[in-house]
Amino acid sequence: MLRKFKIAIDGTEYLVEMEEIGGVPQPAAPAPAPQAAAPVQTAPAAAPKEEAPQATAATTPASADAMTAPMPGTILKILVNVGDEVKENQPVMILEAMKMENEVVAPKVGTVTGIHVTQGQMVNPGEALITIG
């Protein structure tokens, strides 16, 4: 499996593709569960910072019936939103792979129940992209 990395050497950035050889693939470490903390009273902040809205993809867990990436690449465009009705073979996102734009299409008729990626995200084969119920 090829993975892309951006490295900087003496101030010059390079985009490098690397293939992992040998060794046994290790499963990703599970994220630690957040621990509940006792509320702490603090003085009000002088200037509250504006937070960027988070995409639902980060908060929606992928299910076993999620449509997966057919090849490694980068998500260029997401063409649907959660709750949209889709038809079979309707394009749902654009995946760039090997400098080509590939349409990822809905495998069946249904409603988009989850989007598990964000625009600009790199994906590997088998990674969950979208769930259609």
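The values are calculated or read from the model by the stated rules, or taken from the named source; none is laboratory data. The model shown is predicted, which means the values in this text are computed figures rather than measured ones. Cβ sites come from the backbone with ideal geometry, for glycine too, and all protein chains shown count toward neighbours. These area figures cover heavy atoms from the full protein model, side chains too; ligands, DNA and RNA do not enter into them. Shrake-Rupley method; radii C 1.70, N 1.55, O 1.52, S 1.80 Å.
Observations on the structure shown:
- Residues located in the stretch 70-104, provided they are open to solvent by 100 Å² or more (accessible area, probe 1.4 Å), free of Cβ contacts under 8 Å to residues at least 40 places away in the same chain and part of a strand (DSSP E or B): 85, 100, 101, 103
- Residues in the stretch 69-122 that are touching a Lys or Arg at 6+ places or on another chain (Cβ under 7 Å) and either acidic (Asp, Glu) or at positive phi (or both): 88 alone.
- Among the residues of this structure, residue 109 counts as one that is among the β-branched types (Val, Ile, Thr), free of Cβ contacts under 8 Å to residues at least 60 places away in the same chain and over 21 Å from residue 3 (Cβ atoms).
- Screening the stretch 106-119 for residues that are among the β-branched types (Val, Ile, Thr) and either surrounded by fewer than 15 Cβ atoms within 10 Å (Cβ to Cβ) or closer than 14 Å to residue 75 by Cβ (or both) and picking the one that is farthest from the chain's Cα centre (by Cα) gives 109.
- Matching residues in the stretch 120-133 - criterion: being in a strand (DSSP E or B) and either closer than 10 Å to residue 66 by Cβ or open to solvent by less than 50 Å² (accessible area, probe 1.4 Å) (or both): 123, 128, 129, 130, 131, 132
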